[in-house]
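Input: a single structure, listed below in structure tokens.
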Amino acid sequence: MTIGEFIQRRRKELDLTLEEIGLATGVGKSTVKKWETGFISNMGRDKIKQLAKILNVSPSVFINESIDDYSVAINIDKYNGNIITLSSPTVTDDVVSFPVIGNIAAGYDEIAVEDWSGETVDVPVSYLRGRNKSEFFVLKVKGDSMYPLYHEGDKVLILKQSTLNRSGDIGAVMYEGECATLKKIEYVKGEDWMRLIPINPNYIPKTIEGVDLENCRVLGIPFVLIREFY
């Protein structure tokens with residue numbers, strides 16, 4: 001498909017309007033329509049970066065004239081939470097198999113259960129960036145409070161960490177002793193609170209503070225997102 005067709009398909013997949021794309025990139029609705037019909041040769045670097053961000057893909061996608069395979073692997077940059085879309089990934093037998101050990105709610109009040117139904121995912125060894133398999137585990141996303149970054153049914157390779165790299169990062173966190181969720185997490189060092197923030201505006205943030213923090217712990221950070229396109 002052409003890049004214009006890709007932009008239109010991705011926009012509709014994320015349930016975004018032409019106006020919303022225009023607002024995010026600082027252009028009008030008519031300009032976005034031109035992009036979708038193939039007039040993107042004069043798009044500046046700043047616009048490409050903004051468009052890539054709102055569509056949750058890598059800016060490199062727009063360097064090509066066409067996209068051969070829409071089924072892509074989506075890799076999360078652990079340093080800034082950006083999504084990098086790898087088009088037409090190289091097929092390799094050098095993979096690591098992980099059991100999908102349970103669900104992690106992209107919502108609230110979901111009991112953390114490390115059951116295993118027998119489902120597994122294969123992750124290319126190169127995606128681990130030199131780390132050992134034991135440093136990771138895989139969970140399945142349940143709910144839509146982190147949409148459009150995470151969809152229901154997504155599988156997320158989590159890098160085990162007991163702390164976040166910085167406030168505002170996305171992390172897997174357990175709270176109230178047994179509930180687990182995937183959220184953007186804000187905090188201030190030295191202060192006695194943590195705020196769990198959904199990306200979906202239909203959900204409200206949840207603040208955990210005081211004594212409740214004693215039953216709250218970070219499980220890890222998203223490292224690789226595995227999504228199936230049908």
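The values are calculated or read from the model by the stated rules, or taken from the named source; none is laboratory data. Keep in mind that what you see is a predicted model, and the values were worked out from it rather than measured. Here the Cβ positions follow ideal geometry from the backbone for every residue, glycine too, while neighbour counts run over all protein chains shown.
Descriptive notes on the structure:
- Of the candidates Lys184, Lys206, the single residue that is at pLDDT 90 or above, touching a Phe, Trp or Tyr at 6+ places or on another chain (Cβ under 9 Å) and not hydrophobic (A, V, I, L, M, F, W, C) is Lys206.
- Test: Glu228 is assigned by TED's automatic domain parsing to the domain that holds Asn132, among the acidic types (Asp, Glu) and within 30 Å of Asn132 (Cα to Cα): no
- Scanning region 7-45 for residues that are within 16 Å of Asn56 (Cα to Cα) and either part of a loop (DSSP other than H, G, I, E, B) or not assigned by TED's automatic domain parsing to the domain that holds Leu55 (or both) yields Leu14, Asp15, Leu16, Thr17.
- Summed over region 164-177, residues that are surrounded by fewer than 17 Cβ atoms within 10 Å (Cβ to Cβ) and in a loop (DSSP other than H, G, I, E, B) total 6.
- Being in contact (Cβ under 8 Å) with a residue 40 or more places away in the chain, more than 13 Å from the chain's Cα centre (by Cα) and in a loop (DSSP other than H, G, I, E, B) is a condition met by at least one residue of region 145-161.
- Every residue from region 178-225 that is assigned to a loop (DSSP other than H, G, I, E, B) and among the hydroxyl-bearing types (Ser, Thr, Tyr): Tyr187, Tyr203
- Considering residues of region 200-230 that are closer than 15 Å to Cys179 by Cα and among the polar types (S, T, N, Q) only, the residue nearest to the chain's Cα centre (by Cα): Thr207
- When residues of region 108-138 are limited to those that are at pLDDT below 90 and within 19 Å of Ile185 (Cβ to Cβ), the one surrounded by the fewest Cβ atoms within 10 Å (Cβ to Cβ): Asp109
- Of all residues in region 141-163, those that are crowded, with 19+ Cβ neighbours inside 10 Å, touching a Gly at 6+ places or on another chain (Cβ under 7 Å) and closer than 16 Å to Phe223 by Cα total 3.
- Residue list for region 83-100, filter: more than 25 Å from Tyr203 (Cβ to Cβ) and modelled with pLDDT of 80 or more: Asp94, Val95, Val96, Ser97, Phe98, Pro99
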